[in-house]
Each structure stands twice: as C-alpha cells, then as structure tokens.
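Since the structure comes first, as structure tokens, the remarks are kept for the end.
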Amino acid sequence: MNIVYLHSHDTGRYVQPYGHPVPTPNIQRLADQGLLFRQAFCAAPTCSGSRACLLTGQWAHSNGMIGLAHRGYELDDYGRHLVRTLGEAGYWSALIGEQHVSADPGVLGYDRVVDIDTHHADTVAPAAVELLRSAPPRPFFLSIGFFETHREYFEPTSVRDALYSLPPANLPDTPETRRDMAGFKGSARSLDQGVGAVLNALDEHGLADDTLVILTTDHGLPFPGAKATLYDRGLGVMLIMRGPGGFTGGKVSDALVSQIDLFPTLCELAGVAPPPWLQGRSLLPVVAGRAREVNDAVFAELTFHAAYEPQRAIRTARHKYIRRYDDRPGPVLPNTDDSPSKDLLVEHGWADREIPREQLYDLVFDPNEAANLVDDPAHAGVLAALRERLERWMRETADPLLDGPVAPRPGARLNDPSQRSPAEPGFVAGSPAYRA
C-alpha cells in the first residue's frame, strides 16, 4: 500500500463536500470515492503545531512544536516523524512542497526532497505528477503540500463571487467580508486543481487502487475567530481518505476524530508496529464498522502563534470547554492574520472586547459557540466534569502550562500580544527587543 498525504493551508472544511458554496469538484470526486470524516479536528490550530501533531501522533506540548517553525520552533525529536517509522518498515518517501515542521526540510528524514521554486499548487502539482510518472520505489509515502488557501489572496477571480459570497457565520455580512471570502474561494479553486492533477496522475499510472490518499488541512480559515482559536471554526478540518483498508464507497463518518489518530491508523493499515510515543488511536474500528467511536473527546491547545496566547480545550460530541491561562482580557490581535475582515472588526472596537477566562458551549443548541454557559447553574455539573478532565489530560501528558507561564524558546521570533499585526516588529526571545 502506497500513501499520498495531500495537505493544504488554512482551509478548514470550506470545500464542496462539506456543503459550502466553494466549488471544488476534484475534492468532491475524492469524497465520492472514499470516506469523509465530518467531525475531524486538528490538535493545535496553528500551521506548524497541527502538522507536527499529525506527523508525530503526539500533542503539541508533547512533541515540542508549541510555536511556529518559521519563527524558531522545532520538534523535540525529529526521529518521531511519521516518515522515519515508515522508512524503517521499507517505505520510500518524498516531500513535494509545503511542510512547515522544520526550517530545514533535510532533517525530516525523507529519501527525496523535491526542489521547487514555490509551494503554490501550479508548481507543486506538476512536480508531484512528474515524480509519479518516474515510477518511484514502492511502497512509497509522498507528502504533497499546497500553500493554498493561505493568505495573501489574489483579487477575486469572479465579480459574482465578490458580490455574493457569504462570509463565515461568525462574521458580519458586509462588502468587505464578502470580497474577502471571494478571495478565499479563488484560492480554493487553485487548491482543487492541484488535488485533481495528483488524483489524475494516480489513475493514469495505475496506482489508485493500491494507494491510500489522505486529504486534509492544518486548521480553520484565516479569518477572525477561526485560525489560531479553539473554537470549532479554528479546529475543524477537512479529512477525506480513499484507498485500501475500507476507505471507499463515498461514505461519511460522524465519529469524533483528531489528526493525531492518523499515525496509529497508518501503522495498523501498513502492518507496522506502533511506536510507544503515540497518543492517538487507530480509526480502523470505525472504518470497519466495529465501533461508532474511538474517542469520546478530543483535546486541543494553543501556546504560541505570532504571540503568546496560552489556552487549552476539550471537545465532546455535545460540549466544548475552553480555558485561557493568562490574564490578558482581550484578543491577541497578532494571532489573527491581517485581512479586510480583521480591519472591519478592529475598526468597530474588537481590540476592546473582553474574552472570558473560561468558556463552555452546548454544541447542539449553539454550534457557533456564541452563548457562554460558564455561569449557568444548569450546566455546573458539565462544567466541573470538563474542567477536571481537561486538567487530568494536562497532567497525564506533562503539559508545562500547569506549572505557570511557558517561556518562549530561545531565539524564537515573537510579537507582543498588545500589537495589532503579526507583520509589526517583534522581538527575539532571549535577546534585546529588535525591529524587523
């Protein structure tokens, strides 16, 4: 069994098979042929943290990637990368495009790192197609990473999109947010074309039947209230798998899934002994119909993005509990990508709005996580249970946040939480403040 790991930036679930008006016919084709998980979540809603969790099968505070790789963070042990385990089992591996787990892709352990000029789909996809055409050694593991749908977006490719695109449900419907969403949709089209080129190449070279295709993204949309938050808008990810092991038939699963479950799933599928450090669970009992769930809850965390904003969360099928661990009363604006949508909220006083230290949501009656139930006596029992379970998870996984504020990694490049933009001059941890 070959494995093709297709991954994008900042897409969340905003693609066609999840019911959104974002035409992605190639991604829809993959869903029609495979298995789509509707309740899949990243373990950390940041570009490096989420990928590190997926590729090590560990929580971010366990693998060391509690910040961004391009800002100075690293895995504690690159020997725990999935590609190393597969390599020991006889897999040949290659990296094409985005990876975001190390400033130096050479340390990851791939047999080949394809040298290309950009990580946009129109460069990555042809390179991946050429590699597949060259008949790589089998079994192979290919990581194919697209920059899309990360900002900065090009101008909307359709006047109709700019006029009619509906922004995410947590944002006001205005000309600015509609045009911003239209830019996302244009980027999603490019992503879809890249995915389609790879799928077509697998068909053309007779590889589709023997190849497990995994399509996912790192976290939610790069809009306010999504990426770099622990709301479902930040944690929810597309996850579509097609290939051997039961990932066929255009099926949909509502099982609660974390991306850290993919490493143990691949081990079981490939007949590889799971490494002892794995913290996720194989999804094969769900896929085979032997169980409805392998998780009764998933966890998520944020420590550093552009700036320090420590928080942890537990999500069950019914409830979400979020706990913030610093005393800052309002939003950390550098952790939200700059955009017309962000500008609109800031102009209306977003920086002065308070964020509760604790948040509890009933996801059945409040799927947009807008009505905080922390002070509702009727939910006191749920609150106490989730508080206790979150703290227990932190203890069992040796979360450093339990011991107080987490110091930044020496040499990490960070913004001050009081700044407005991640593009503003920040500082290097362990050295005098600097101006970039």
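What spacing in nm lies between the two simple spin-label points modelled at M1 and V252, each 7 Å away from Cα in the Cβ direction?
In this crude spin-label approximation the distance works out to 2.5 nm.
Which value, in debye to the nearest 20, describes the size of the charge dipole of the stretch 295-436 about its Cα centre when Lys and Arg Cβ atoms bear +1, Asp and Glu Cβ atoms bear -1, and nothing else is charged?
The calculated dipole for the stretch 295-436 is roughly 380 debye.
Quickly work out the E268-to-R389 label distance, labels modelled 7 Å from Cα along the C-beta direction, and quote it in nm with one decimal.
In this crude spin-label approximation the distance works out to 2.0 nm.
Computed over the Cα atoms of the chain, what is the ratio Rg over Rh, Rh following Kirkwood?
Value, to two decimals: 0.94.
Treating only the Cβ of Lys, Arg, Asp and Glu as charged (+1, +1, -1, -1), what charge dipole size does the stretch 121-243 show about its Cα centre? Round to the nearest 20 debye.
Charge dipole, the stretch 121-243, about its Cα centre: 180 debye, nearest 20.
Label A380 and D115 with points 7 Å out from Cα along Cα→Cβ: what is the distance between them in nm?
Here the answer is 6.7 nm between the modelled labels.
May I ask you to compute the full-extension gain from D209 to E155, defined as 0.36 nm times their residue separation minus their alpha-carbon distance, rounded to one decimal in nm?
The D209-E155 span can extend by a further 15.6 nm.
Hey, can you grab everything whose amide H is under 5 Å from the amide H of V237? Only 5+ residues off in sequence or another chain; H modelled, so Pro and N-termini drop out.
HN-HN under 5 Å from V237: A40, F41, C42.
With Kirkwood's inverse mean 1/r over C-alpha pairs for Rh, give me the Rg to Rh ratio of the stretch 273-317, two decimals please.
With Rh from the inverse mean 1/r over Cα pairs, Rg/Rh is 1.13.
Accessible area per residue of the stretch 289-365 at 1.4 Å probe, in Å²?
For the stretch 289-365, the per-residue accessible area is 43 Å².
Let's test the formula: R0 of 51 Å, r as the Cβ-Cβ distance of A423 and T397. What FRET efficiency results, to the nearest 0.05?
Rounded to the nearest 0.05, the efficiency is 0.95.
List, in order, the whole-Hz ³J(HN,Hα) value for each residue of the stretch 227-243 obtained from phi through the Karplus relation with A = 6.51, B = -1.76, C = 1.60 and θ = phi - 60°; use x for Gly and Pro.
So the J values, rounded to whole Hz, are 3, 6, 10, 9, 6, 4, 5, x, 8, x, 10, 5, 8, 10, 10, 9, x.
Return the loop-located chymotrypsin sites (Phe, Trp or Tyr not before Pro) in the stretch 116-197 (DSSP other than H, G, I, E, B) with at most 16 other Cβ atoms within 10 Å of their own Cβ; answer none if there are none.
In loop regions of the stretch 116-197 (DSSP not H, G, I, E or B), the sparsely surrounded chymotrypsin sites (Phe, Trp or Tyr not before Pro) are F154.
Amide H to amide H, which residues 5 or more places from V4 or on other chains are under 5 Å from it, using H placed in the peptide plane?
Those lying under 5 Å, H to H, from V4 are L142, L212, V213, I214.
At 0.36 nm per residue, minus the direct Cα-Cα distance, what do S431 and H20 gain on full extension? Give it in nm, one decimal, please.
Stretched fully, the S431-H20 segment lengthens by 143.4 nm.
Considering only protein heavy atoms and a probe of 1.4 Å, how much of the accessible area of the stretch 1-156 is carbon and sulfur, as a whole percent?
Roughly 47 percent, rounded to a whole number.
Probe of 1.4 angstrom, ligands and nucleic acids ignored: what's the accessible area per residue over the stretch 105-220, in square angstrom?
I get 44 Å² per residue for this part.
Hey, if you put +1 on the Cβ of every Lys and Arg and -1 on every Asp and Glu Cβ in the stretch 302-405, which of L333, H379, N368 ends up farthest toward the positive end of that dipole?
Ranked along the dipole, the leading option is H379.
Would you work out the charge dipole size for the chain about its Cα centre, treating the Cβ of every Lys and Arg as +1 and the Cβ of every Asp and Glu as -1, and quote it to the nearest 20 debye?
560
Using each residue's phi in the stretch 41-52, evaluate 6.51 cos²θ - 1.76 cosθ + 1.60 at θ = phi - 60° and report the 3J(HN,Hα) Karplus result to the nearest Hz, with x for Gly and Pro.
Per residue, the Karplus-derived 3J(HN,Hα) values read 9, 6, 9, 7, x, 10, 4, 7, x, 5, 5, 5 Hz.
I'd like the per residue volume of the convex hull spanned by the Cα atoms of the stretch 318-436, given in cubic angstrom.
Spread over its residues, the Cα hull of the stretch 318-436 gives 141 Å³ apiece.
Can you compute the FRET efficiency between A351 and D296 using 1/(1 + (r/R0)^6), with r the Cβ-Cβ distance and R0 = 35 Å? Round to the nearest 0.05.
The pair A351/D296 has a calculated efficiency of 0.40.
Name the long-range amide H neighbours of M65: under 5 Å, sequence gap of 5 or more, or other chain; modelled H, no Pro or chain starts.
D76
Grab the beta carbon distance between V107 and S134, set R0 = 22 Å, and tell me the FRET efficiency rounded to 0.05.
With a Förster radius of 22 Å, E is 0.35.
The values are calculated or read from the model by the stated rules, or taken from the named source; none is laboratory data. No experiment lies behind these values; they were computed from the predicted model shown. Cβ coordinates were reconstructed from backbone atoms using ideal geometry, including for glycine residues, and neighbour counts include every protein chain displayed. Protein only, heavy atoms only, side chains kept; ligands, DNA and RNA dropped before computing areas. Shrake-Rupley method; radii C 1.70, N 1.55, O 1.52, S 1.80 Å.
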